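What follows is calculated from the coordinates using simple rules that are stated; it is not laboratory data. None of the values given here were measured: they were computed from a predicted structure. Note that we place each Cβ from the backbone using ideal geometry, even for glycine, and neighbour counts take in every protein chain shown.
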Amino acid sequence: MQPLPPPIANWFAARGWQIHPHQQAMLEQARDPSLLLIAPTGGGKTLAGFLPTLAELATPRTGLHTLYISPLKALAADIRRNLTRPVEEMGLPIRIEDRTGDTSYTQRRRQRADPPQILLTTPESLALLLSYEDAPRIFAGLSRVIVDEIHALAESKRGDQLMLCLSRLQTLAPGLRRVGLSATVEDPEAIARFLAPHPHPCAIVQANPGPEPNIAMLDTGTPPPWAGGGGRYAIPAILDQVRTHRTTLIFHNTRAQAELFFHDLWLQNHDDLPIAIHHGSLAREQRERVEAAMVAGQLRAIVCTGSLDLGIDWGDVDLVVQVGAPKNVKRLVQRIGRANHRYNAPSKALLVPANRFEVVECLAALQAARANDLDGEPRGPGPRDVLTQHILILACAGPLDADALYAEVTTAGPYAALTRAEFDDCLEFAATGGYALRAYDRWQRLMLRDGCWQLRDPRAAQVIRMNIGTILDPETVKVRLRGKGSALLGEVEEGFASTLTPGDTFLIAGQVVRYEALREMTVEVTRNPGRDPRVAVFNGTKFATSTLLTHRILDIFGQPDWPDLPDHTARWLALQRRISRLPERDRLLVETFPHEGRHHLCAYGFAGRNAQQTLGLLLTKRMEDMGFAPLGFVATDYATLIWGLEEVTDSATLFDPADLREGLEGWLAGNAVMKRTFRDSAVISGLIERNIAGRRKTGRQATFSSDILYDTLRKYDPDHLLLQITREEALRGLVDFSRVEEMLARIGSRIDHVTLPRVSPLAAPMLLEPGRVPVEGAARERLMAEAAAALMQAAGLDELEAEGA
Amino acid sequence: MNGHRFALSGAVLTALGTGALWWGARRMLVVSDLHLGKSERLARRGGTLLPPYEVRDTLTRLQADIAALDPALVVCLGDTFDDAMAAAALPAEVLDWLSYLRQGRDWIWIAGNHDPVPALAGGIHLPELHEGPVVLRHIAQAGTVGEISGHWHPKARLSLRGQRISRPCFLYDADRVILPAYGTYTGGLWSDGPELSGLMRRDACAVLTGPVAHVIPMPRR
């Protein structure tokens, strides 16, 4: 057994504390080049990561010893506070500092000149540090890097970028040891491969997972509504639960739903229980107030979103309520871990289905969570837009040797399979733009000099540094109460703001406000205590239900009866089985029926919301070509409902896999979702600059839309690297074509077309779904003409026109 | 012809969906703000390397307008080139292409703020052009009547049942017309900003470019 240095051992002893077995294991395996710790929330994970550092630093030394990386700025600052105190109490000679976008310029300069022994930072701040010429000096003695919440980072491009940065750190500090700290995941080996320098192994330490959580569906008495989200019907039952617990976290899937729920909750909160709201669109000061109140134990409940998924202890939470189907079992399990943030106490969680279908989905999630059957969508190889950014960042620090850099980046787990040709394409793109038309030989961004690539114009480094990062928030505008020195309420998406006209009401920060004007990129509002807000559709991240969950739902449908389901839901499914059929895992159910004078077609693809949306775009295009005159569609996680003027009698031809794939390459390629996908990759790869807040489009006509670049490339350079990347990205994310492929593979040619005289029980809720998409096409110019004529008439300009011409 | 007809100081003009202005009586085609060589200039200044196809795309569209209308005179209303070096860097085939377009017609280059001095041989170079009742210049001058100009790259949006469509546009009133930018790599300035709202009369109209040239009251502050 590895003995702890006396100051640390005494500190533990003075408190009567014993170190956990997994903390001991981390100490014993401290010399491992790569080490991954899997521990549930509240398991002393962070301390386990830092103990070996503290032990090593008990012997004084100067220079940077340990780099800690967290996905959240706030977490870096918290860890600094929480680590500084014990270190001072132990009397260890260790300086601990954090470095994020919020750190002052002087502080950051000083940190480069004289780094602390422990530096706490984020992936983006690390990338920025690596872009400086003095990076080799700063990191020369680095011994350990700790990646916290690595399970969350591994799901996004932030993690890919971080692993590329670690490959550079390893070159600068060959003795560097890597430690990953992860919550419970379905495939620890995958995270280990992600973390370790390829092809080296990575040991895994598994902490005791603790007692089984106590999860159930909330019994509300009344059945949930047929459609919609938000779970407002369950407010009385949820308030009862809040009353009988110390602190309750009430999770919602979207910010808009959290706002609506919170608004209604207050109308019914007759005991004036202290309840607050927390989500990523709220102003930072407002969020910090809520966090402080919670830590101080002043709140009984917090209505929140994924913004509270990560982070340190939020006080004494003893109940987690998940409103709306969790969409993903792994996220549910991690959320449940937020309750009883103390090791060895069972977590308690309640699921609240928001509508009738979600009752089935909640049951499926419950069964999966109890069986510890976690979902994970395997991620593809490391994306090349991130690699391109990485190349540019390193070029800012100094000349690059292509061979050495290729060898270095392929040690990063996500890029282990990167071919030399793929790497060369990225380098070529960074250097010349990589166009079929050689245009920039004189003005390359990177020039080959003395066998090494370097910036032609060193001033370019500033632009590259401004663009570091892979997080692309939708463009937002601030919302402020009207009046001098008035309060900032938060932010809404610019697209949402532009649909508002004066007098419209919406919800933000739990208040109903009235839109007054848009001034200098700020939405001015006044308080409006009316009870009829327009839904705030800002930043509504809509997660698609995971493949694992949809398969489990289909399995539940296949049961002969449903003793586990509430009676109202079981009877609904039985009625569907009698009138039509229930969807099955290896078949596609398509229903057609007339409704309100339109022909409807409902396809139960169970491919998740984004893929069902893509399917809607592709199918309506096919139907338009085939003369079925579709008018619009709506998509949910499990089906797409299309309405139009003509009846579809043979749906098999609509689902021809070759035709659908061709649609993705052809027609869909011109669609807005693909343009959005392109824009994100264009920003990450450095083709266009991200809009820096305050500097962006204040009426400058010099900037133009990335859509123009996309159209131009498609026309003149269809094989360009960025279009290749866009097609790869379309397999996931907004377009999610891989889920369409998964569905096609699952159903083969087994399509059950059921013709019905009226809407089926399963399709009926679809008619109530919001988010209907009108079919674009020839009809659009006609609509524009009507709208234009109406405006001219309203302004009295039509008569003037007649005189003039 | 996809366009919207209106009168300016007695001249009957057509704002085309392509972004060009057609004066039928004089067989005159006016285009503004081509910004040829923009990607080259950005690259030269150490910025980003945009797809180098905007010259080709802009001239392909101009060629289509010329082929459809066979103008006797083409007026480029300034900012034809993104700067003098961009003009000088145009490859030989682009210069040949421009000469080919000029064949059989007169061609006038009006000076713009990006290209104040003549950048190319061939054609006539003028600071502004007085033609009958109208004057053509790059930047609008307040107080002028019968003026055709460019420079501002106006754009406007139209709301359609929850959808918002934004397009480059012409702005016109009794005194002047301001053309949209014709170049492929050009952004726009909202008509409801202070510059354009200050220039145009309250009853000004906007003609949106696109497959159909829709006319709407000019959105303004």
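General remarks:
- Loop-located trypsin sites (Lys or Arg not before Pro) in the range A:570-644 (DSSP state other than H, G, I, E, B) with a sparse environment of at most 11 neighbouring Cβ atoms within 10 Å are absent.
- Centre-to-centre separation between the Cα atoms of the range A:591-661 and those of the range A:1-45: 57 Å.
- 10 Å Cβ shell holding at most 11 others, DSSP loop, GluC sites (Glu not before Pro): longest site-free stretch of chain A: A:134-519
- Computed magnitude of the charge dipole of the protein assembly as shown (debye, nearest 20; Cβ of K, R +1, Cβ of D, E -1): 2000
- Whether the range A:231-328 is rounded, prolate or oblate, judged on the alpha carbon gyration tensor where a/c under 1.5 counts as rounded: rounded
- Using the Cβ-Cβ distance between B:VAL212 and A:ARG81 with R0 set to 56 Å, the FRET efficiency works out to roughly 0.35.
- In this label model, A:ASP561 and A:ARG438 are separated by 7.8 nm, measuring between points 7 Å along each Cα→Cβ vector.
- The amide H of A:ILE508, built 1.01 Å from its N in the peptide plane, has A:VAL513 as neighbours under 5 Å, considering only residues 5 or more places off or on other chains.
- Loop-resident trypsin sites (Lys or Arg not before Pro) (DSSP state other than H, G, I, E or B) in the range B:135-216 with no more than 10 further Cβ atoms inside 10 Å of their Cβ: B:ARG161, B:ARG202.
- Cα radius of gyration and Dmax for the range A:6-206 (Å): 15.9, 48
- Listed by chain and number, the aspartates and glutamates placed with their C-alpha closer than 17 angstrom to that of A:LYS45 are A:GLU28, A:ASP78, A:ASP148, A:GLU149, A:ASP309, A:ASP313; residues fewer than eight positions away on the same chain are left out.
- Estimated inter-spin distance, A:LEU448 and A:GLN298, nm [label 7 Å along Cα→Cβ]: 6.4
- The convex hull defined by the C-alpha atoms of the range B:3-217 has an orientation-averaged projected area of 12.1 nm².
- Calculated FRET value between B:ARG45 and A:ARG577, using beta carbons and R₀ = 56 Å, to 0.05: 0.25
- Efficiency of FRET from Cβ geometry, A:THR171 and A:ASP424, R₀ 22 Å, rounded to 0.05: 0.65
- The range A:44-127, dipole about Cα centre (Lys/Arg Cβ +1, Asp/Glu Cβ -1), debye to the nearest 20: 180
- Cross-link reach is defined here as a Cα-Cα straight distance under 28 Å, omitting same-chain residues fewer than 8 places apart; for A:LYS478 the lysines meeting it are A:LYS73, A:LYS157, A:LYS542, A:LYS675, A:LYS697, B:LYS155.
- The amide H of A:VAL205, built 1.01 Å from its N in the peptide plane, has A:LEU36, A:LEU37, A:ILE38 as neighbours under 5 Å, considering only residues 5 or more places off or on other chains.
- Formal net charge of residues neighbouring A:GLN107 (Cβ-Cβ distance under 15 Å; K, R +1; D, E -1): +4
- Stokes-Einstein, applied to the Kirkwood radius of chain A over Cα pairs at a viscosity of 0.890 mPa s and 25 °C, places its translational diffusion at 85 µm² s⁻¹.
- Listed by chain and number, the aspartates and glutamates placed with their C-alpha closer than 13 angstrom to that of A:LYS715 are A:ASP707, B:GLU54, B:ASP57; residues fewer than eight positions away on the same chain are left out.
- Centroid-to-centroid, using Cα positions, the range A:175-203 and the range B:1-72 are 57 Å apart.
- Mean ellipticity per residue at 222 nm, deg cm²/dmol - from DSSP H runs of n ≥ 4 across chain A, formula -39500 (n - 2.57): -12000 deg cm²/dmol
- The length gained by stretching the chain between A:LEU481 and A:ALA672 to full extension, at 0.36 nm per residue less their Cα-Cα distance, is 65.4 nm.
- Each Lys or Arg adds one and each Asp or Glu takes one away; over the other residues whose Cβ falls under 12 Å from the Cβ of A:GLU584, this sums to +3.
- 5 angstrom amide H check on B:VAL135, placed H, neighbours 5+ away: B:GLU147, B:ILE148
- For chain B, the mean residue ellipticity at 222 nm estimated from helices alone is -5500 deg cm²/dmol, where every DSSP H run of n ≥ 4 contributes -39500 (n - 2.57) and the total is divided by all residues, rounded to the nearest 500.
- Across the options B:GLN141, B:SER32, A:TYR710, the greatest Cα extent toward the positive end of the charge dipole of the protein assembly as shown (unit charges at beta carbon of Lys, Arg, Asp, Glu) belongs to B:GLN141.
- Our note on the geometry: Cα centres of the range A:103-118 and the range A:348-382, 44 Å apart.
- Cα-projected label distance for A:TYR105 with A:GLU89, points at 7 Å along beta-carbon direction, nm: 3.9
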